[in-house]
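All remarks here apply to the structure that follows.
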There are 2 protein chains.
Amino acid sequence: MSGPSPRELPSWNDGAAKTAIHAFVEGCTRPGPGFVAPPDRIAAFDNDGTMWVEQPAPPQFDFLLRRWAQEAQDDPTLASEQPYKAIVERDMAFFERLAVQDPAVVATLEKAMAHSWAGTTPDVFEAEVREWIDTITQPRFGVGYTRLVYQPMLELFDYLKAHDFRVFVCSGGGRDFMRVFAEETWGIHKENVIGSAADYSFVDGRLVRSDQLLGGLALGPGKPAHIFAQTGRLPVLAGGNADVDIEMLTVASFGLLVNHDDADREFAYSKGAERSLATAQERGWTVVSMKNDWATVFPEVLPG
Amino acid sequence: MSGPSPRELPSWNDGAAKTAIHAFVEGCTRPGPGFVAPPDRIAAFDNDGTMWVEQPAPPQFDFLLRRWAQEAQDDPTLASEQPYKAIVERDMAFFERLAVQDPAVVATLEKAMAHSWAGTTPDVFEAEVREWIDTITQPRFGVGYTRLVYQPMLELFDYLKAHDFRVFVCSGGGRDFMRVFAEETWGIHKENVIGSAADYSFVDGRLVRSDQLLGGLALGPGKPAHIFAQTGRLPVLAGGNADVDIEMLTVASFGLLVNHDDADREFAYSKGAERSLATAQERGWTVVSMKNDWATVFPEVLPG
């Protein structure tokens, strides 16, 4: 089997990761033991840390914390309650408990989301996300968050689509948050975006957001469950970067794990990814070294 | 503007319905006031009575009632409870209360679904549906139900796809029931099928069906809500045939209502469609006369 052509995955350096991706994807499309019928060619990728920068915090946290800081300022009685208290006091340890799905923390965030948006129509939330995208910059790089998408992953989307894969993003973050920028940033339709979401009802001719989640968080075991609900299948290929992606990677035939080892161009950390890195060794997932496997990280040269 | 070419919609007779569909769809794709950007080109269609025969009962009822009749026979204590009692006593009035979403009837069906499949993996349900498709015939036509799909609607799917629409089916019936045959029968992927569905959890490496619905029934106001959850949009074009489709048709720019007026080739009835037929007049939806607008009804010549 020949390697990838220079036109394919141009931001990927030659090496084990690129070779493994190429061998798997080509194998899916050729007669042989690795062949996958086109309807079954579903790929699913995590968002934070897999598709874009998640340090110093997942971008949606920046969006939510700005909104809730404003609410606490407008209504000081809120500042004694979580999560507003943690925001006012800059208690980041509180939010780190979300990554391990601490039920008490998750509950306060759900309550705060409902306080902000329950009873509103989708355009209200979308306009707020749009304004955040257009005006807020990431602290290290000084550009808007959606410009911090990883160029090699966009090329992987193109490569998969050229081989008749349907590409989905499945994030523990907000479905409706991601859908605002998915089409322009990732080149996939809104219906290919899966995530944690509020339930909506259709009342008096309008879609109205409820205070309840639809189907639980799309984190950990919630990822295969949400992917099945959306697509009727489990993914053949999955990409992630953290412990909350383990279940999604486990159900796939090919698992890709992005390792953040590039302090110069991005960040170097393995917090929250310790188990996934160990599981990658056990299960033979393809670990992508940002430092060694990616010739470029972002679509443009950044000031940072 | 010229009319549709003979290659387009060949099973549709020339007439007001075909002309209206053609004018709307062409208008979506040409510069002008009717233009719709490609990402927004979502079409959504009901299933029972819109895509296939729903008389003497919606096909999924045939599937469920056979299963529950067997369960009542195997366990006679069930026969004193609903819905098993109605099945044993052939009390069809009980099931007609489902069409008007009688909460008591809906609750008994949910309970019976949970009794049959809660705790099972998706392949169990899929195999049962597959066997039903392959072995059970519709009483009037003597062929399997999926062969009773409407040929003109399949051609409408092709026509819409050729104009860069993404076509979805949204039914009050079961999402996972329809997904078994969607790809071979309708030519759309499983992820383009929206319907009422059980919530699934991922437990010990497997997807397991719960006894709860995910997001309520996709009937009436549930249709726009489910379509938004799946796609992030409301449909530009929608097709239905009954009162439970009114909300979905109302949110679309173009509404298509199939009128069952062809006793010779299919069935003639307006029960459950009285309000939708009246609303079509008020709102200018395009009413499709099966008798006059469709040159052929089914993909093949049938014995019935």
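A few notes on this one:
- Within the range A:39-59, at least one residue is among the small types (Gly, Ala, Ser), at pLDDT below 95 and open to solvent by 20 Å² or more (accessible area, probe 1.4 Å).
- When residues of the range B:271-292 are limited to those that are touching a residue at least 12 places away in the same chain (Cβ under 8 Å) and polar (S, T, N, Q), the one surrounded by the fewest Cβ atoms within 10 Å (Cβ to Cβ): B:ASN292
- For the range B:114-126, the set of residues classified as touching a residue at least 24 places away in the same chain (Cβ under 8 Å) and touching a helix residue (DSSP H, G or I) at 6+ places or on another chain (Cβ under 8 Å) consists of B:HIS115, B:SER116, B:TRP117, B:PRO122, B:PHE125, B:GLU126, listed by residue number.
- Qualifying residues in the range B:172-211 (those that are facing chain A (nearest Cβ under 10 Å) and touching a Leu at 6+ places or on another chain (Cβ under 9 Å)) - the one nearest to B:PHE63 (Cα to Cα): B:ARG175
- Residue check, B:ALA198 farther than 28 Å from B:ALA17 by Cα, small (Gly, Ala, Ser) and crowded, with 21+ Cβ neighbours inside 10 Å: yes
- Being over 21 Å from the mean Cα position of the chain (by Cα), among the aliphatic types (A, V, I, L, M) and surrounded by 14 or more Cβ atoms within 10 Å (Cβ to Cβ) is a property that holds for A:ALA118.
- Residues that are part of a helix (DSSP H, G or I) and over 20 Å from the mean Cα position of the chain (by Cα) were ranked within the range B:245-290; the one that is farthest from B:ALA23 (Cα to Cα) is B:ALA278.
- Scanning the range A:169-215 for residues that are part of a loop (DSSP other than H, G, I, E, B) and free of Cβ contacts under 8 Å to residues at least 12 places away in the same chain gives A:HIS189, A:ASP204, A:GLY205.
- Taken together, A:ALA252, A:ALA268 contain a single residue that is within 14 Å of chain B (Cβ to nearest Cβ) and either touching a residue at least 12 places away in the same chain (Cβ under 8 Å) or of a type in the set (A, V, I, L, M) (or both), which is A:ALA252.
- Among the residues of the range B:17-30, none qualifies, meaning not one is in a loop (DSSP other than H, G, I, E, B) and within 26 Å of the chain's Cα centre (by Cα).
- If you go through the range B:212-237 and keep only what is open to solvent by less than 20 Å² (accessible area, probe 1.4 Å) and more than 9 Å from chain A (Cβ to nearest Cβ), you end up with B:ALA218, B:ILE227, B:PRO235, B:VAL236, B:LEU237.
The values are calculated or read from the model by the stated rules, or taken from the named source; none is laboratory data. In this text the structure is predicted, and so the values were computed from the model without any measurement. Every residue, glycine among them, receives a Cβ derived from its backbone with ideal geometry; neighbour counts consider all protein chains shown. Note: areas computed on protein heavy atoms with side chains; ligands, DNA, RNA excluded. Shrake-Rupley method; radii C 1.70, N 1.55, O 1.52, S 1.80 Å.
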